[in-house]
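Encoded as structure tokens, the structure appears first; notes follow it.
The values are calculated or read from the model by the stated rules, or taken from the named source; none is laboratory data. Quick caveat, the model's predicted, so the values are computed rather than measured. Positions of Cβ are backbone-derived with ideal geometry, glycine not excepted, and every protein chain shown enters the neighbour counts.
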């Protein structure tokens with residue numbers, strides 16, 4: 001017996017399926033997602049992340065969940081070689097992403113040329129002791145790029161601990177599955193590209209995570225220029241990567257989300273060089289629509305498939 | 001300047017629900033026969049710490065900086081059915 005819900009949270013389309021267990025587990029999952037959003041959203045003034053950002057340089061007591069978010073963010077910074085940086089908030093704001101994505105475009109954002117946010121990078125100087133976090137002065141914390149993946153991990157963990165036989169937590173395309181699927185087998189996750197209604201790949205897994213990052217969603221126009229949310233910490237600017245999408249399969253949602261962005265930033269010349277030793281598998285799509293995968297991704301394909309190319313929409317400039 | 005063409009597509013969450021509905025109806029046919037486990041690895045992989053030189057490090061010593069390894073467990077594979085339970089559509 002499975003229960004499921006599709007809903008909006010964390011500025012994204014979300015989808016949760018719970019298999020087995022006592023009644024009410026779906027509600028447990030939904031409340032947990034809301035709870036984590038209330039703690040982590042930088043667009044909710046009362047969130048713990050907002051409080052951290054209001055008081056850089058000051059040790060702040062946070063919940064265990066938020067302490068874990070910061071710890072994982074620092075791990076991710078190391079894991080990605082800096083391609084993910086939790087203190088990229090200043091560059092994100094300077095690019096015009098200064099309100100929830102749904103509200104971008106309602107009114108003009110700040111001029112990126114003016115550099116209205118003075119916040120700088122500073123992940124190396126974040127201090128965390130127990131459940132006390134101190135952001136370095138002059139920095140800000142952005143949960144984007146890790147929050148949904150970690151939230152999917154935490155929600156799945158709670159639901160399984162409460163007695164579910166299986167669970168699939170999909171928060172904005174960052175998917176975490178555990179246990180059995182609705183038909184006593186595993187879980188099947190389709191990977192989609194914005195250019196096509198047909199999946200690029202169909203992946204099967206029983207315990208793990210799939211995350212996809214793309215430059216073709218979350219775009220907005222700021223001062224007449226098309227912008228996207230994927231900031232390259234190395235430049236502080238929206239990435240000019242020649243890949244349009246990267247998907248990573250690995251054991252944990254936060255790792256998958258971080259690596260998907262890191263692979264995307266790497267570009268088509270060496271997309272997978274960061275994955276050695278991580279056990280993660282990946283696929284990428286370049287600007288021409290060509291699909292490239294790591295050899296190990298085949299393990300997740302079974303009798304299903306992945307496409308080798310996607311037709312570029314007519315009139316699309318690369 | 002790049003333009004992303006607007007295409008009329010079902011809402012992703014709606015599509016996911018539709019696909020899952022199909023999966024439920026055809027589960028016995030599509031999943032039972034194809035979901036034999038491939039017994040893929042579940043090992044822990046150690047990833048060496050990478051130093052990042054994007055900033056000066058003149059601040060106080062940070063406890064978490066001492067992290068020497070990051071672990072990332074691998075996913076466990078099954079054969080994928082052709083009908084998906086959910087969609088990773090990218091963000």
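Structural remarks
- Close contacts from region A:169-195, counting a first residue that is within 7 Å of chain B (Cβ to nearest Cβ) and on the phi > 0 side of the Ramachandran plot and a second that is outside any loop (DSSP other than H, G, I, E, B) and surrounded by 24 or more Cβ atoms within 10 Å (Cβ to Cβ), with Cβ to Cβ under 6 Å and a gap of 6+ residues or different chains, come to A:172/A:148; A:173/A:212; A:173/B:88.
- Residue within region A:268-282 that is surrounded by 20 or more Cβ atoms within 10 Å (Cβ to Cβ) and at positive phi present: yes
- From the options A:197, A:142, A:184, residue that is assigned to a loop (DSSP other than H, G, I, E, B) and under 13 Å from residue B:88 (Cα atoms): A:197
- Looking only at region A:1-58, residues that are more than 17 Å from residue A:156 (Cβ to Cβ), exposed (fewer than 15 other Cβ atoms within 10 Å of the Cβ), more than 21 Å from the chain's Cα centre (by Cα) and more than 14 Å from chain B (Cβ to nearest Cβ) come to 5 in all.
- Any hit, region A:105-117, residues being in contact with a helix residue (DSSP H, G or I) (Cβ under 6 Å, 6 or more places away or on another chain), part of a loop (DSSP other than H, G, I, E, B), modelled with pLDDT of 70 or more and over 30 Å from residue A:275 (Cα atoms): yes
- Qualifying residue in region A:201-224 (condition: modelled with pLDDT under 85, within 16 Å of residue B:83 (Cβ to Cβ) and either facing chain B (nearest Cβ under 7 Å) or surrounded by fewer than 24 Cβ atoms within 10 Å (Cβ to Cβ) (or both)): no
- Matching residues in region A:273-297 - criterion: being within 19 Å of residue A:174 (Cα to Cα) and in contact with a helix residue (DSSP H, G or I) (Cβ under 9 Å, 6 or more places away or on another chain): A:275, A:278, A:279, A:280, A:281, A:282, A:283, A:284
- Residue A:139 being under 30 Å from residue A:291 (Cα atoms) and either over 15 Å from the mean Cα position of the chain (by Cα) or facing chain B (nearest Cβ under 7 Å) (or both): no
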